[in-house]
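Here's the structure we're looking at; comments come further down.
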Amino acid sequence: MKVLIVEDDPLHRSYLNDAVRAALPECKAVIEADNGTAGEKLARDHVSAHIVMDLQMAARNGIEAARTIWKERPETRILFWSNYSDEAYVRGVSRIVPDGAAYGYVLKSASDERLRLALRSIFIESQCVIDREVRGLQQKSMGQANGFTDSEYEILVDVALGLTDRAIASRRNLSLRSVQNRLQQLYDKLGVYQTSNSDHDDGRFNLRTRAVAVAVLRKLLNYSALERAENEQQEWLNSRS
């Protein structure tokens with residue numbers, strides 16, 4: 001067995017190296033990469049390796065790297081090990097996991113024993129291991145507990161990228177009325193309402209801008225999510241040119 005660690009912090013890489021060797025005496029080699037791009041290359045060079053992946057890395061984030069790796073080798077077992085349980089990260093991971101894949105999402109705040117258990121469960125027993133906090137957000141992001149449907153979330157991202165209602169309708173193959181209805185649902189779920197009074201006849205907020213601000217404050221959107229969405233948008237625009 002080989003394990004590939006993709007982590008940009010050298011102290012965290014060292015910690016993971018020790019954790020892998022302690023949890024997996026079956027492991028014959030531990031390979032390290034300090035960013036997602038290097039991780040993708042090493043995953044191709046070591047096709048049988050299981051992977052421990054950080055999410056937030058400067059050169060190429062873990063979601064992008066994992067998506068590329070899973071596209072090329074969907075049976076790869078990946079444990080995401082991250083400081084972040086933001087809905088943007090949780091939803092990003094959930095969207096790229098292949099059907100039937102054994103994977104995990106464990107926070108860096110978890111105990112040593114929790115990490116070791118996750119490593120064995122995923123890499124040896126092919127079981128999924130998701131921290132409780134992350135699991136709760138997954139359920140919310142699937143539309144439960146007054147969360148956002150995938151369609152609503154896509155429109156929220158499109159609004160954050162600056163697309164007009166008509167552009168969103170074209171990109172998502174929706175009618176203009178459907179886009180506007182989903183926007184209203186977003187405003188309701190985010191608690192964004194137009195408030196007017198005698199001094200501000202046009203209201204206090206631009207609702208689209210306010211919705212994006214609230215989404216960022218609630219950690220529904222973050223830099224990585226918007227960076228990924230910007231790349232996807234550019235691909236869409238290029239396909240139309």
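The values are calculated or read from the model by the stated rules, or taken from the named source; none is laboratory data. On a predicted model such as this, the values are computed, not experimentally measured, just so you know. Glycine gets a Cβ as well: all are built from the backbone with ideal geometry, and neighbour counts include every protein chain shown. Surface areas here come from the heavy atoms of the whole protein model, side chains and all, with no ligands, DNA or RNA. Shrake-Rupley method; radii C 1.70, N 1.55, O 1.52, S 1.80 Å.
I'd like the FRET efficiency for TYR193 and GLU230, computed as 1/(1 + (r/R0)^6) with the beta carbon distance as r and R0 of 35 Å, rounded to 0.05.
0.75
Taking LYS189 as the anchor, which lysines have their alpha carbon closer than 22 Å to its alpha carbon, excluding any fewer than eight residues away along the same chain?
Excluding near neighbours in sequence, the set is LYS140, LYS219.
Would you please give the FRET efficiency between SER111 and HIS12, computed as 1/(1 + (r/R0)^6) with r the Cβ-Cβ distance and R0 = 25 Å, to the nearest 0.05?
E(calc), rounded to 0.05, equals 0.95.
Give me the 1.4 Å probe accessible area per residue for the chain, excluding ligands and nucleic acids, in Å². Kindly include the intermediate steps, with their values, before the conclusion.
On the way: 12240 Å² over 241 residues.
Averaged over the residues of the chain, the accessible area is 51 Å².
If the cut-off is 23 Å between C-alpha atoms, which lysines fall inside it for LYS71, apart from same-chain ones fewer than 8 positions away?
Output for LYS71: LYS2, LYS41.
May I ask you to give the percent of accessible area on segment 8-156 that is carbon plus sulfur, with a probe radius of 1.4 Å?
Working: 3210 of 6830 Å².
Result for segment 8-156: 47 percent of the exposed heavy-atom area is carbon or sulfur.
Towards the positive end of the charge dipole of segment 1-40, with charges on Cβ (+1 Lys, Arg; -1 Asp, Glu), say which of LEU24, GLY36, HIS12 has the farthest Cα.
Positive-most Cα among the choices belongs to LEU24.
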